[in-house]
Amino acid sequence: MVGWLLAAPLAGFVLEAALGAGGFPLHLRSWGSTLIVAGGATLLALLCGIPAGAALAHSKSSLPRTLTLFPLLLPPMLAAAAWLGARLPVPGPGGCAVILGSLYCPVVALLLDASLRRLPAEQIEAASLQFRAAQVLRRVVWPHARPALLTAAFLVFLLAASEFTVPALFVVPTISMTVYEEMSAFRSASAASAALPLILLALALAAMLRRAPSLPAPAPVRAFLGGAWLTGCRAAAVLVWGATALLPALIFALRAGAFFKTIALHLDAVGWSLLVAGATSVLLVAWSSLSPPGRSRLEPLWLATLVLPGVVAGLGALKIAERSGLLPYAAPSGALLVVALMARFAFVAWLPLRQPVERSQLEAAQLAGLSRFRIWKTIVFPELLPRAAAAGALVFVLVQGEIGAAVLLSPPGRMTEAQHLFNLMHYGYDGVVASLALFLFGATALITWGAMNVGRLRTH
């Protein structure tokens, strides 16, 4: 029942899009800019993500994976703030592609890592006896990794096309910015119809990802790179980690002179952000933990809601509340915002918790005559707890940086810290922006590190 509720905002948005389809312009100029931004971001993500993914697959430590995952959890506007803080020229479509490509290259690296770790060791060993390293890559590794790379490229393209904060800050007319502008002008049907192609792409992506491994196996791959190949991949990965995980923190710290004073002035926004993020993560983790194990038929809808612009979940929830008469009760308290955020990030909480224990372990425990409570206490709970903590932490940091749903559904007089930062960045880069950016950056780094060390995300 809860799963259907979390899929409802997407259905509400699709209904609004259907009502507006056919009566509004095609926004060809916006789609042209979107192709440049999303296409460029995809190319850069592949160039940076492939060597990083190969380095991850050969690593036994969790630190490289933490450094790789971190930029993906950052609010995209922090990358825009770092760009401004570095005093680079105001970017056009190409610059936005560089910013988004650097943020989304972890998608390529992590999906490639997950695929390579499932490469049979005996297959690599047999090929190594017959072929040289380059031939092993071409004959064995590439055919195995190709589907994951195609899926990753598709996912990066859709994420970049759906991101609106970076194009909005630099006035690059992508389709996501057009959707936001239509919403700002209270033309919700027009906004929904403009995003209809994105919805179709998201559903196609969900079908592709349903068959692809999303989480890595616990053991590293049987080494298929060595010498200069592996050294080059690791060097490229270090450069990517430095540019995306370390350099922004340095840029923000150099200008955040009145950091504590700035944060003290925004304590109300910080408190509201913590409340919304905490409620969303606790409710999602509770739902995912108590749901029956195994895949769900609703997974494609949850995934589509995740990769689409945040206004999709926000507008869908808003329209359902309007038509059901619940808007006056759910909106002022922030409950509607929490529901929309739960719908947006349901897949993040569901993925690591959908099957915490192998079915064979449960069957063996049942054959041994253990009671349900004892099975849950001795087998399920020890595996579930670290995963739940990790999933909750990831949802928490993603909600902290969410703008689309918060802009639509925040109660009067309430703004999240990310909203404050987004509004201030329209006036340029100064010490206040640097302080708020450093706060969000540090909070994301701390919680990401905790998530990767408390919960070992493994696929069984």
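The values are calculated or read from the model by the stated rules, or taken from the named source; none is laboratory data. Keep in mind that this is a model prediction, so the values were computed, not measured. Glycine gets a Cβ as well: all are built from the backbone with ideal geometry, and neighbour counts include every protein chain shown.
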*asked:* If R138 satisfies all but one of (1) free of Cβ contacts under 8 Å to residues at least 40 places away in the same chain; (2) at negative phi; (3) in a loop (DSSP other than H, G, I, E, B), what's the number of the condition it fails?
replied: (3)
_Every residue from region 41-99 that is polar (S, T, N, Q), over 24 Å from G310 (Cβ atoms) and in contact (Cβ under 8 Å) with a residue 12 or more places away in the chain_ = S59, S62, T66
*How many residues does region 409-424 contain that are surrounded by fewer than 23 Cβ atoms within 10 Å (Cβ to Cβ) and not in a loop (DSSP other than H, G, I, E, B)?*
4
*asked:* Going by what's in this entry, would L385 be described as buried (at least 23 other Cβ atoms within 10 Å of the Cβ), out of contact with any Lys or Arg (no Cβ under 6 Å at 6 or more places or on another chain) and modelled with pLDDT of 80 or more?
replied: no
*Out of the residues in region 312-356 that are within 25 Å of the chain's Cα centre (by Cα) and outside any helix (DSSP H, G or I), state the one that is nearest to S273 (Cα to Cα).*
G334
*asked:* Just to be sure before I move on: is V312 within 30 Å of T34 (Cα to Cα), among the aliphatic types (A, V, I, L, M) and modelled with pLDDT of 90 or more in the structure I sent?
replied: no
*Taking the stated definitions as given, is S193 more than 26 Å from A79 (Cβ to Cβ) and touching a residue at least 24 places away in the same chain (Cβ under 8 Å)?*
yes
*Name the one entry in V166, V156 that is under 15 Å from G49 (Cβ atoms) and within 21 Å of the chain's Cα centre (by Cα).*
V156
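One line per residue, one yes/no per condition, for (1) surrounded by fewer than 19 Cβ atoms within 10 Å (Cβ to Cβ); (2) over 17 Å from the mean Cα position of the chain (by Cα); (3) of a type outside the set (D, E); (4) more than 16 Å from P167 (Cβ to Cβ):
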site: H58; (1), (2), (3), (4): no, yes, yes, yes
site: S62; (1), (2), (3), (4): yes, yes, yes, yes
site: T68; (1), (2), (3), (4): no, no, yes, yes
site: P76; (1), (2), (3), (4): no, no, yes, no
site: L84; (1), (2), (3), (4): no, yes, yes, no
site: G92; (1), (2), (3), (4): yes, yes, yes, no
site: Y104; (1), (2), (3), (4): no, no, yes, no
site: L116; (1), (2), (3), (4): no, yes, yes, yes
site: S128; (1), (2), (3), (4): yes, yes, yes, yes
*asked:* Condition first: of a type in the set (K, R) and under 26 Å from A206 (Cβ atoms). Can you find one or more residues in region 369-377 that meet it?
replied: no
*Report yes if V433 is closer than 16 Å to T66 by Cα, of a type in the set (V, I, T) and surrounded by 22 or more Cβ atoms within 10 Å (Cβ to Cβ), otherwise no.*
no
*Kindly provide the set of residues from region 360-381 that are in a helix (DSSP H, G or I) and either in contact (Cβ under 8 Å) with a residue 60 or more places away in the chain or among the hydrophobic types (A, V, I, L, M, F, W, C) (or both), ordered by number.*
L362, A364, A365, L367, F373, I375, W376, I379, V380, F381
*Evaluate region 361-383: report whether one residue or more is within 15 Å of A451 (Cα to Cα) and of a type in the set (A, V, I, L, M, F, W, C).*
no
*asked:* So if I check each of R29, R87, which one is in a helix (DSSP H, G or I) and of a type in the set (D, E, K, R)?
replied: R29
